[in-house]
Amino acid sequence: MLSKLGMKQFLLVAILALTLGCSQNPKPIVGAANQFDSDTFLTLVTTDSVIQSTKASLTANQFPANVVTNVRAALNRLIDAYDAADTVYIAYHNAALAGQSTPAQQAAVNQAMGNVQGATTMLVAAKAGQ
């Protein structure tokens, strides 16, 4: 069984591996307009899983008392970043499926996903007590 710190590091590595691994996948997932659409969707699904598991861990009082406040704050930042990314992703996805996506839409998704990645890193650091 992994220690709490080991589990947190494993989670960060798993998220990064999934994100990087998706970029090397030659075929988009079913329902995606293209590889970018597919990669973004998979990253959002992974992020939602991190959000839900962190919420469950907070509810179950699985964090030391000295990190709970920072974990909650970092989780809220991640939720905000996720919500913003999901909104721009849905607009991009729908346009891409219709063959009408624009470079500006893709750039907005890239920026929003960068914010998600930064917020995820902050959450992992908060869980580690940093």
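Restricting attention to the range 53-67 and to residues that are without any contact (Cβ under 8 Å) to a residue 60 or more places away in the chain and in contact with a Leu (Cβ under 9 Å, 6 or more places away or on another chain), the residue that is least open to solvent (accessible area, probe 1.4 Å) turns out to be LEU58.
Just one residue in the set THR19, THR47, THR54 is polar (S, T, N, Q) and modelled with pLDDT under 95; that residue is THR19. Among what's in the range 81-104 and is hydroxyl-bearing (Ser, Thr, Tyr) and more than 18 Å from GLN35 (Cβ to Cβ), pick the residue that is surrounded by the most Cβ atoms within 10 Å (Cβ to Cβ). My answer is TYR82. Restricting the search to the range 29-61, which residues are farther than 18 Å from ALA91 by Cβ and part of a loop (DSSP other than H, G, I, E, B)? ILE29, VAL30, ALA60, ASN61, listed by residue number. For ALA32, the criteria (1) crowded, with 18+ Cβ neighbours inside 10 Å; (2) modelled with pLDDT of 95 or more hold in every case but one, which is (2). Pairing each residue of the range 68-96 that is under 17 Å from ALA125 (Cα atoms) with any residue that is open to solvent by 50 Å² or more (accessible area, probe 1.4 Å) and among the aliphatic types (A, V, I, L, M), provided the two are 6+ apart or on different chains, yields C-beta distances under 6 Å for ALA74/MET122. Is it fair to say LEU12 is modelled with pLDDT of 95 or more, surrounded by 14 or more Cβ atoms within 10 Å (Cβ to Cβ) and either within 13 Å of the chain's Cα centre (by Cα) or closer than 24 Å to ALA108 by Cα (or both)? It is false that LEU12 is modelled with pLDDT of 95 or more, surrounded by 14 or more Cβ atoms within 10 Å (Cβ to Cβ) and either within 13 Å of the chain's Cα centre (by Cα) or closer than 24 Å to ALA108 by Cα (or both). Scanning the range 114-129 for residues that are out of contact with any Lys or Arg (no Cβ under 8 Å at 6 or more places or on another chain), part of a helix (DSSP H, G or I) and either surrounded by fewer than 22 Cβ atoms within 10 Å (Cβ to Cβ) or not aliphatic (A, V, I, L, M) (or both) returns GLY114, ASN115, GLN117, GLY118, THR120, THR121, ALA125. Within this structure, GLN111 fails the test of being closer than 15 Å to LEU123 by Cβ, assigned to a helix (DSSP H, G or I), open to solvent by 30 Å² or more (accessible area, probe 1.4 Å) and not basic (Lys, Arg).
The values are calculated or read from the model by the stated rules, or taken from the named source; none is laboratory data. Being a predicted model, the structure only gives us computed values, none of them experimental. Using ideal geometry, Cβ is built from the backbone for each residue, glycine included, and neighbour counts are taken over all protein chains shown. Please note that ligands, DNA and RNA were not included when accessible areas were found on the heavy atoms of the full protein model with its side chains. Shrake-Rupley method; radii C 1.70, N 1.55, O 1.52, S 1.80 Å.
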